[in-house]
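**Q** I have a structure I would like to understand better, so I am pasting it below and will then ask my questions one at a time.
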Amino acid sequence: MNTPGSSAVLRCSESQCLAGYPINERIYSCRECGGLLDVHYDFSLLPAASELKSIFLNRRVSPRNEDQSGVWRYRELLPFVADEKRIVSLREGATPIYSASRAADYCRLDLIHLKHQGMNPTGSFKDNGMTTGVTQACVLSATAVACASTGNTSASMAAYAARANLRAYVLIPAGQVAYGKLSQALEYGATVVEIEGSFDDAMRIVREIALETDLYLLNSINPFRLEGQKTIVVEMMEQLEWRVPDWIVLPGGNLGNTAAFGKALDELLRAGLIDRTPRLAVIQAEGASPFYSLFKSTDRSRLVPNPNASTLATAIRIGNPVSWKKALRSLDLSNGVVERVSEEEIADAKAVIGLDGIGCEPASAATVAGVKRLAASGVIRAGDSVVCVLTGNLMKDPNYTVGYHTGTLKLDDATETNPIPGRFSNRPVRVSADHQAIRTKLRL
Ligand code: F0G
C-alpha cells in the first residue's frame, strides 16, 4: 500500500550526505559520514490537512490506549510502526497548556503560555519519546535497552522498559541526579550504574557499549525517540487551534528536543497543518552553554565541548550535546535564537512559575528566565505570543526547591559560600505546638 508509512526510511541528517538505510536496521549513525539519522517519510502521501485535523480530534472520544495517548493520537505523522499492536504506551502526552499571568508580568509580556510536559506519566517530556523508542525496541525484538542520563531519560526508559518486559540499564553521573528521578529508575527496576564522571562521559561509554553488544540505545541520538517528541509541537498547535505562536521556548541540554521540534515544524509545514513556523528560542544555563557559544560564534561548523559543565539545573548539565548539528538545522528552519541565563535567574523564574500554581523542575524554568532576558533585549516584543515548554515536574527535584525557599541553595557546597538570595523565597515558619502561639506568629 502506498502510504507515508510504507515510505519510511532512515536517512542521514547531513544535507550533503542523505544516505538511506532500511527503517528496521539497528543503526544510530550514518556509516558513510557518521551523521545522526532521521526517520524520513514521503509526506506527499498524507491525507489533506483538514482531514488529518478531524482524524486527530475524533480520537479524543475513543477509549483505546493509542487514541488517548497524546503521541499516538497523531500517528499519521509518525507512521513507522507497521503493526499498532506493538505500541508500548502509558497514555503519555495529552499534557495541558496553561496561560500564566504572573510569569507574563515577570517577563513584561502581555501573555505567556506554559505547555507542561512535566504532567506526563513519569513527570517529564521524555515519555513522549520513550513510547516511540521502546515500541521500536520491541519491533526490533530487543531484549535489553540502555541510556546515559541526567535523570529523566533513565526514569522514563525504566518505566517503559518495565511495561514491555525489557531489561533496562542506565548510566548516570554519580551524585548529580535529582532524587525524584533516581528513585523512579530504582523503583521501575532498572539496573542503575552510577559512574564517577559526567553525563558526557556516560553518553560516550554507553554509545560504545551499544555498538559492541545487543543493548538497544535509547538516548535521543536514537531517531525513533525524536519521532515521539515531535508530537509535543503537534499537540501544542492543536491546543492553540492551529494558530501558530510567534515563539516556542525550550531548555537546551543534549539538544534532542530542539532537534525534534525543528523536524516537527518542517513536517507540519509540509503536511499543510501550519503555514509558517514559530521562532524557536533555546535556553541554556550559563555554566553549561556550549550551544550558546556556538550560536554566537562566526564558525558554526564545530561545537567546542565544555568538559566542566556545571549548573544546579542538573537535567541540562551537559557539555558536549550530541544533537547540536540537528539543533542548528532547527534554528535555521525557524529563524531561531539561543540565550543563556544565570543560576539566580533560573531559580527566581522557577519560583514565579510556582506562584502561578504550576511549578516545574529547574531546567524547565530556564525558559521563563530566557524569555525575560529576550524581552528585555527587545528580541521578543511585548505583544508576541510565546509558549514555554516546561520539560519536567516540580516534584522531580524537591531538594532544590526547599533549598531555594530556605536560603541554602548553592552552586557548589564545597567552594561557594553565598547561597542564591532567592527574590521569591518563602520560608516555612517554626512555632511551638500551641494554638495561641500560632495565631500570634501569623497575626490571625
Ligand atoms: N529539561 C529536562 C527536564 C530534561 O530532563 C532535559 C534533558 C532537558 C530539559 C534538555 O533536553 O537534552 O533534549 O536538550 N534530560 C536528559 C536526561 C539529558 O538524561 O534526562 P535535551
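**Q** Mind listing whichever residues of the stretch 332-360 are of a type in the set (A, V, I, L, M, F, W, C), under 22 Å from Ser301 (Cβ atoms) and open to solvent by 10 Å² or more (accessible area, probe 1.4 Å)?
**A** Here is the first cut: in the stretch 332-360, the ones of a type in the set (A, V, I, L, M, F, W, C) are 333, 337-338, 341, 346-347, 349, 351-353, 355, 358, 360.
From what's left, under 22 Å from Ser301 (Cβ atoms): 333, 337-338.
Scanning the stretch 332-360 gives Leu333, Val337.
**Q** Under 8 Å between Cβ atoms, at least 6 apart or on separate chains: pull out the pairs that start in the stretch 428-440 with a residue that is within 23 Å of Gly403 (Cα to Cα) and end on any residue that is assigned to a loop (DSSP other than H, G, I, E, B).
**A** Pro428/Thr406
**Q** In addition: Which condition number does Thr408 fail, the rest of (1) open to solvent by 90 Å² or more (accessible area, probe 1.4 Å); (2) farther than 25 Å from Leu114 by Cα being met?
**A** Against the list (1) open to solvent by 90 Å² or more (accessible area, probe 1.4 Å); (2) farther than 25 Å from Leu114 by Cα, Thr408 comes up short only on (1).
**Q** Do we find that Arg443 is modelled with pLDDT of 95 or more and loosely packed, with under 10 Cβ neighbours inside 10 Å in this structure? Lay out the reasoning, then the answer.
**A** On the way: modelled with pLDDT of 95 or more: yes; loosely packed, with under 10 Cβ neighbours inside 10 Å: yes.
Answer is yes for this residue.
**Q** While we're on this one: What's the total number of residues in the stretch 304-329 that are closer than 20 Å to Leu217 by Cα, open to solvent by 60 Å² or more (accessible area, probe 1.4 Å) and within 12 Å of the ligand (Cβ to nearest atom)?
**A** 1
**Q** Within the stretch 275-301, which residues are open to solvent by less than 10 Å² (accessible area, probe 1.4 Å) and hydrophobic (A, V, I, L, M, F, W, C)?
**A** Selection gives Leu280, Ala281, Val282, Ile283, Ala285, Ala288, Phe291, Leu294.
**Q** Ok, one more. Of all residues being part of a strand (DSSP E or B) and not charged (D, E, K, R) in the stretch 186-217, which is farthest from Cys360 (Cα to Cα)? Just the residue, please. Working first, answer last.
**A** So the first thing to find is which residues in the stretch 186-217 are part of a strand (DSSP E or B), and the list is 191-195, 216-217.
Restricting the remaining residues to those that are not charged (D, E, K, R) gives 191-193, 195, 216-217.
Numbers: Thr191: 27, Val192: 25, Val193: 26, Ile195: 27, Tyr216: 30, Leu217: 28 Å.
Going through the qualifying residues, I end up with Tyr216.
**Q** Related question: Go through the stretch 254-263 and give me each residue that's open to solvent by 10 Å² or more (accessible area, probe 1.4 Å) and closer than 12 Å to Val322 by Cβ.
**A** Asn254
**Q** OK, next. Among the residues that make up the stretch 188-197, is at least one of them open to solvent by less than 10 Å² (accessible area, probe 1.4 Å) and on the phi < 0 side of the Ramachandran plot? Spell out the reasoning first.
**A** So in the stretch 188-197, the residues open to solvent by less than 10 Å² (accessible area, probe 1.4 Å) come out as none.
Looking for residues that are open to solvent by less than 10 Å² (accessible area, probe 1.4 Å) and on the phi < 0 side of the Ramachandran plot, one finds none in the stretch 188-197, hence no.
**Q** Of all the residues that make up the stretch 146-185, how many are of a type in the set (Ser, Thr, Tyr), more than 12 Å from the ligand (Cβ to nearest atom) and either in contact with a Leu (Cβ under 8 Å, 6 or more places away or on another chain) or part of a strand (DSSP E or B) (or both)?
**A** Start the filter on the stretch 146-185 by keeping residues that are of a type in the set (Ser, Thr, Tyr), which leaves 149-150, 153-154, 156, 160, 169, 179, 183.
Still in the list and also more than 12 Å from the ligand (Cβ to nearest atom): 160, 169, 179, 183.
From the residues that got through so far, the ones that are either in contact with a Leu (Cβ under 8 Å, 6 or more places away or on another chain) or part of a strand (DSSP E or B) (or both) too are 160, 169.
Count: 2.
**Q** Give the residues of the stretch 381-396 that are open to solvent by 20 Å² or more (accessible area, probe 1.4 Å) and within 16 Å of the ligand (Cβ to nearest atom), sorted by residue number. Give the derivation first.
**A** Start the filter on the stretch 381-396 by keeping residues that are open to solvent by 20 Å² or more (accessible area, probe 1.4 Å), which leaves 381-383, 385, 393-395.
Matches in the stretch 381-396: Asn393, Leu394, Met395.
**Q** Of all the strands (runs of 3 or more DSSP E) wholly in the stretch 1-106, which have at least 3 residues that are open to solvent by less than 30 Å² (accessible area, probe 1.4 Å) and small (Gly, Ala, Ser)?
**A** It comes to none.
**Q** Residues Gln136, Gln176: which one is open to solvent by less than 10 Å² (accessible area, probe 1.4 Å), touching a helix residue (DSSP H, G or I) at 6+ places or on another chain (Cβ under 8 Å), in contact (Cβ under 8 Å) with a residue 40 or more places away in the chain and not aliphatic (A, V, I, L, M)? Before the answer, list the steps.
**A** Numbers: Gln176 fails: open to solvent by less than 10 Å² (accessible area, probe 1.4 Å).
None of the others qualify; the one that does is Gln136.
**Q** Moving on. Being outside any strand (DSSP E or B) and near the ligand (Cβ under 10 Å from one of its atoms) is the filter here; which residues of the stretch 238-287 pass it?
**A** Of everything in the stretch 238-287, those that are outside any strand (DSSP E or B) and near the ligand (Cβ under 10 Å from one of its atoms) turn out to be Gly252, Gly253, Asn254, Leu255, Gly256, Asn257, Thr258, Ala259, Ala260, Phe261.
The values are calculated or read from the model by the stated rules, or taken from the named source; none is laboratory data. These numbers come from a predicted model, not from an experiment. Note that we place each Cβ from the backbone using ideal geometry, even for glycine, and neighbour counts take in every protein chain shown. SASA here: full protein model, heavy atoms, side chains in, ligands and nucleic acids out. Shrake-Rupley method; radii C 1.70, N 1.55, O 1.52, S 1.80 Å.
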